[in-house]
Amino acid sequence: MFITKKHLSRRTFLRGAGVTLTLPFLEAMVPAQTPLVRTAANPNAKFGFIYVPMGSIMKQWTPEQEGVGFEFSPILKPLEPFRNNVLVLTGLHNSGEPGHSVSSATFLSGAIPHKGNVLKLNTTVDQVIAQKIGRDTTFPSMEFATEDHSSHLGSCAGDYLCSYMSTFAWRTPTQPLPMELNPRVVFERMFGSDAATKEERKLQLDQNTSILDGVTESIKSLSKGLGQKDVAKLNEYLENVREIERQIVHSEKQRAEHSLEAPETPSGIPEDWVKHVKLKFDLQALAFQGNMTRVQTFMLSRELSTLSYPFLGVQDGHHPISHNNNVPEQVAKKAKVDTFHLSLFADYLRKLQSIQEGDGTVFDHVLYAYGSGMSNGNQHIHTNLPLVLVGGATGAVKGNKHIKVKEGSTPASNLWLTVINTAGVNIDRYGESTGRLEL
């Protein structure tokens, strides 16, 4: 670790036994001779993409008014507190035959997946961006999920390989990126651990040791050379690390106490799906805060998911209620699930608003795209997709607007081309694009 009183390298790490801890952006990382510019338009832009399956109830998703100052629809209501940084887009489409595999595959690719044993698609938007802005971070991109196909019967739809539904991030047209389910695995990727095997991890849990204990001396040494604001920011970051570690340890002990036998589910995944989602969001926030990555994708739930939501009064699985056949009771259940998913996302956005970065917050510097590759769950179609952009986007995108295009006229790739350009990637065509979508 290299530290001077004048300047702290942006690539400074805290190191200990088996642990490497990156740091959030600190004032000490700005050279002494350089004026400290603090602005929400920080060039350290971040991008996130969240996929939800099986479309939405578009009548309850779509705002009635177009343009600036629209009234939030029932399903989008959880995002209303972020109005000035919310951009709703309706009428956009992807190509391809109706179906679950095509929905997740086309979402960020603007390409139609190949059938049979041939695995071919397109480099997805997140990876195009990561190739540009991810080179100076620990992880050029990070991929998260809460479900895979192993726990669902009939998990792979039609003539398509399972990969098309297990991820929506592709590094190349033939290389899908696996999405990590296990929070423990993510945490140890981020911070390292000597506990490489299952037995070693169990021993570490039994001893109740913390990954942060390994860098205690480095933390003390670093803190002595920092100003008051930097010390406060460092302490907040370390508290977040310790809290996430506590949650992971608790979830693993809980599984052990209940003697759960689920070979396809890695140790460290909470029993409760909601806790699992929140923990994954916490890890994503921490990765942004520590500048470990600037590009993230999260499959909140997967196509054909059979998850039920009894705490919402929805005992049926998500997939069955997406086939609501316009029965009012079933439509209401699907709308409840869609709204709940957005409420989880809104909680995460509030967390990003609480993390300071310069004179702004992480929320001020991130642009999130949230949506589905399907609109109508009864028909499995990819027209009039439910899509929304949220975040400060370093001032590059103005919110408080509903942009509605004529159905069938504009591919979603036009939006993705605009997002790619916003990230500083200078291309004039992506996927099915016919031009930029003016935001």
Top-ranked residue of the stretch 111-148 - restricted to ones that are of a type in the set (D, E, K, R) and part of a loop (DSSP other than H, G, I, E, B), ranked as modelled with the lowest pLDDT: D148
Enumerated helices (runs of 4 or more DSSP H) restricted to the stretch 158-219, each holding at least 2 residues that are under 23 Å from Q127 (Cβ atoms), in contact with a Gly (Cβ under 8 Å, 6 or more places away or on another chain) and at pLDDT 65 or above: 183-191
Residue in the stretch 57-71 that is part of a helix (DSSP H, G or I) and touching a strand residue (DSSP E or B) at 6+ places or on another chain (Cβ under 7 Å) present: no
Set S151, S155: member being among the hydroxyl-bearing types (S, T, Y), modelled with pLDDT under 80 and surrounded by fewer than 18 Cβ atoms within 10 Å (Cβ to Cβ): S151
The stretch 61-73, subset of a type outside the set (D, E, K, R) and touching a Lys or Arg at 6+ places or on another chain (Cβ under 9 Å), residue surrounded by the most Cβ atoms within 10 Å (Cβ to Cβ): S73
Selection from the stretch 393-408 of residues that are of a type in the set (G, A, S) and at pLDDT 95 or above: G399
Among (1) of a type in the set (G, A, S); (2) free of Cβ contacts under 8 Å to residues at least 60 places away in the same chain; (3) farther than 24 Å from K336 by Cβ - the single one S73 does not satisfy: (3)
The stretch 98-148 - residue that is more than 17 Å from the chain's Cα centre (by Cα) and small (G, A, S) and, of those, surrounded by the fewest Cβ atoms within 10 Å (Cβ to Cβ): G116
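Here is a yes/no grid of residues against (1) surrounded by fewer than 20 Cβ atoms within 10 Å (Cβ to Cβ); (2) under 22 Å from N84 (Cβ atoms); (3) not acidic (D, E):
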site: H323; (1), (2), (3): yes, no, yes
site: P328; (1), (2), (3): yes, no, yes
site: A332; (1), (2), (3): yes, no, yes
site: D338; (1), (2), (3): no, no, no
site: L344; (1), (2), (3): yes, yes, yes
site: D347; (1), (2), (3): yes, yes, no
site: Q356; (1), (2), (3): yes, yes, yes
site: D364; (1), (2), (3): no, yes, no
Members of the stretch 380-439 that are of a type in the set (S, T, Y) and either closer than 29 Å to S354 by Cα or buried (at least 22 other Cβ atoms within 10 Å of the Cβ) (or both): T394, S413, T418, T422, Y430
Lone qualifier among E407, E438 - being touching a strand residue (DSSP E or B) at 6+ places or on another chain (Cβ under 8 Å) and acidic (D, E): E407
Test result for S95, in contact (Cβ under 8 Å) with a residue 60 or more places away in the chain, surrounded by fewer than 19 Cβ atoms within 10 Å (Cβ to Cβ), in contact with a helix residue (DSSP H, G or I) (Cβ under 8 Å, 6 or more places away or on another chain) and over 30 Å from K351 (Cα atoms): yes
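The values are calculated or read from the model by the stated rules, or taken from the named source; none is laboratory data. Only a predicted model underlies this, so the values are computations on that prediction, with no experimental measurement involved. Note: ideal-geometry Cβ built from the backbone for every residue, glycine included; neighbour counts use all protein chains shown.
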